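Chemist: My questions all concern the structure below.
The values are calculated or read from the model by the stated rules, or taken from the named source; none is laboratory data. In this text the structure is predicted, and so the values were computed from the model without any measurement. So basically every Cβ, Gly included, is an ideal-geometry build from the backbone, and we count neighbours across all protein chains shown.
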Amino acid sequence: MRDEIARRLVHFSGTAVPAAYLLEVLPWRVIRWVLAVGAVGAVVLEAVRLLVGLDWYVFEKLTREYERNNPAGYALAVIAMAVVAWAFAPTVAVPALLMLTVADPFAGLMADAGGPESTKEWWVVGATFLLCLGIGLPFLPPRAAVPAALVATLADATTPRVASYVIDDNFSIPVGAAITAFLAATYVPVILCESACRIA
């Protein structure tokens, strides 16, 4: 349990990156380069761990069993954050990053509190969606925030596998949310959203 809390705290610490932009500590172009350097560093560390077999103490504590022979979640998170930051404008990228660094560990803590099967519970999924939606709405129009929150929630709630490889939500949450937000904001007509809101 202590290791799980440590994982959540490390996860949440990534919030410092979008926060640095929101607080105007760093401009977006610098944020992009910080994440790019971090991604390269993560790739090097994972190459050493997986190919050379050098397991650092911190990896033993912060990686899960399925990550022992696969890229670790921290590396996938940094790589995904870099991809999103370079591919999208801050209005799309920042909420996608926050859905990873805030909503994902929050959902994990709720799941831990509810027991090993609680990731399947409706209240965990519902609370995660509401948090993701709350993160998205200050940056995105509702027609983009809602589907982005839904995709991020589904990525968090499911653990798909391709052969023996687990598709880690540290990658699928920010990338899926960003792509969905961009497509919805670009191609979903405003009039459709307005009509749906009036009907609701």
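Chemist: From the list A127, A155, which residue is at pLDDT below 95, under 15 Å from T180 (Cα atoms) and assigned to a helix (DSSP H, G or I)?
Modeler: Values: A127 fails: under 15 Å from T180 (Cα atoms).
So the residue among A127, A155 that is at pLDDT below 95, under 15 Å from T180 (Cα atoms) and assigned to a helix (DSSP H, G or I) is A155.
Chemist: Which pairs have Cβ atoms under 8 Å, sit 6 or more apart or on different chains, and link a residue in the stretch 88-101 that is farther than 14 Å from V151 by Cα to one that is in a helix (DSSP H, G or I) and of a type in the set (S, T, Y)?
Modeler: P90/Y21; V94/Y21; T101/S13
Chemist: Sort out which residues of the stretch 45-63 are surrounded by 11 or more Cβ atoms within 10 Å (Cβ to Cβ) and at pLDDT 75 or above, and write them in order of number.
Modeler: Listed by number, the residues that qualify are L45, E46, A47, V48, R49, L50.
Chemist: Also: How many of the residues in the stretch 138-154 are surrounded by 24 or more Cβ atoms within 10 Å (Cβ to Cβ) and closer than 19 Å to A111 by Cα?
Modeler: Number of matching residues: 3.
Chemist: Every residue in the stretch 1-31 that is modelled with pLDDT of 75 or more and within 16 Å of the chain's Cα centre (by Cα), please. Working first, answer last.
Modeler: Our first condition is that a residue be modelled with pLDDT of 75 or more; within the stretch 1-31, this holds for 12-31.
Once the filter is applied, which keeps residues that are modelled with pLDDT of 75 or more and within 16 Å of the chain's Cα centre (by Cα), the stretch 1-31 yields F12, S13, G14, T15, A16, V17, P18, A19.
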